[in-house]
Amino acid sequence: MESINSKLFDHTLLKAFATEDEIKKLCLEAKTFNFKSVCVNPCHVAYAKELLKDTDVLVCTVIGFPLGANTMETKWFETQNALENGADEVDVVINIGKAKEHDYKYIENEVAGVVAYACGATVKVIIETCYLSDEEKVEVCKACTRAKANFVKTSTGFGTGGAKKEDVRLMKNNISENMEVKASGGIHSKEDVLDMIEAGATRIGASASVKIMEAAKEE
């Protein structure tokens with residue numbers, strides 16, 4: 001079987017009840033396995049940054065999470081605040097209701113604002129595929145492309161469904177060449193990861209990253 005690079009993974013802990021001890025364990029695992037980043041809620045960014053200061057593991061956080069229903073101005077402030085606290089990357093949830101209304105200009109404007117406030121930091125846009133039709137996914141991806149986001153991302157992990165390779169492929173085919181796709185939500189095995197890579201994903205968000213890497217090493 002094909003090998004898996006640890007730098008594919010955003011090692012993730014976004015549960016509402018995550019404690020500092022659990023964030024410390026997450027960061028230790030990320031250092032041990034040399035993951036691309038840890039993905040934590042905004043309140044844990046500064047602590048994670050301190051724990052990872054002597055490593056090349058990045059700190060990623062979430063914006064407008066998990067519903068995406070904050071005002072765009074709130075998301076812009078969250079982005080600025082996250083970077084001030086040490087975040088290297090932000091994963092922002094779109095306003096899903098606006099996508100269902102087909103107000104794609106709104107999506108473009110809110111994402112463009114996040115990109116502006118990110119000041120060059122990587123912006124991944126969570127489109128929450130489980131709630132969108134294929135046509136809506138395509139149009140949202142086009143809006144994110146116009147807004148100059150770095151990634152589109154499948155899922156929060158808190159919706160009614162997670163990453164599907166069909167969605168990854170559709171997203172990959174409807175963004176610019178310099179953009180990427182992050183698959184997240186329900187990725188639990190090496191086979192899941194390889195399916196997502198084959199479909200076009202270049203980043204994987206998972207809480208099971210350690211289990212996946214250990215299984216890959218055993219094979």
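Listed conditions (1) within 17 Å of the chain's Cα centre (by Cα); (2) part of a helix (DSSP H, G or I); (3) surrounded by fewer than 19 Cβ atoms within 10 Å (Cβ to Cβ) are all met by ASN81, apart from (1). Summed over the stretch 25-66, the residues that are within 18 Å of the chain's Cα centre (by Cα), part of a helix (DSSP H, G or I) and not basic (Lys, Arg) give a count of 8. Within the stretch 91-140, the only residue that satisfies the criterion of being within 16 Å of the chain's Cα centre (by Cα) and on the phi > 0 side of the Ramachandran plot is GLU128. Determine if the stretch 3-10 includes at least one residue that is of a type in the set (Phe, Trp, Tyr), outside any helix (DSSP H, G or I) and closer than 30 Å to LYS100 by Cβ. No, the stretch 3-10 contains no residue that is of a type in the set (Phe, Trp, Tyr), outside any helix (DSSP H, G or I) and closer than 30 Å to LYS100 by Cβ. The condition of being out of contact with any Ser or Thr (no Cβ under 6 Å at 6 or more places or on another chain), among the aromatic types (Phe, Trp, Tyr), farther than 30 Å from ALA216 by Cα and modelled with pLDDT of 95 or more holds for TYR106. Among the residues making up the stretch 15-54, those that are buried (at least 22 other Cβ atoms within 10 Å of the Cβ) and either aromatic (Phe, Trp, Tyr) or in contact with a Cys (Cβ under 8 Å, 6 or more places away or on another chain) (or both) are PHE35, SER37, VAL38, CYS39, VAL40, ALA48.
Here GLY161 passes the criteria (1) within 22 Å of LYS75 (Cα to Cα); (2) of a type outside the set (Asp, Glu); (3) in a loop (DSSP other than H, G, I, E, B) except the one numbered (1).
Counting only residues that are surrounded by fewer than 24 Cβ atoms within 10 Å (Cβ to Cβ) and outside any loop (DSSP other than H, G, I, E, B), the stretch 90-113 holds 12 of them.
The set of residues in the stretch 114-151 being within 18 Å of LEU67 (Cβ to Cβ), of a type in the set (Val, Ile, Thr) and either outside any strand (DSSP E or B) or touching a residue at least 40 places away in the same chain (Cβ under 8 Å) (or both) consists of VAL114, ILE126, ILE127, THR129, VAL140.
The values are calculated or read from the model by the stated rules, or taken from the named source; none is laboratory data. Treat the numbers as computed from the prediction; the structure is a model and nothing was measured. For neighbour counting, all protein chains shown are included, and Cβ atoms are generated from backbone atoms with ideal geometry for every residue, glycine included.
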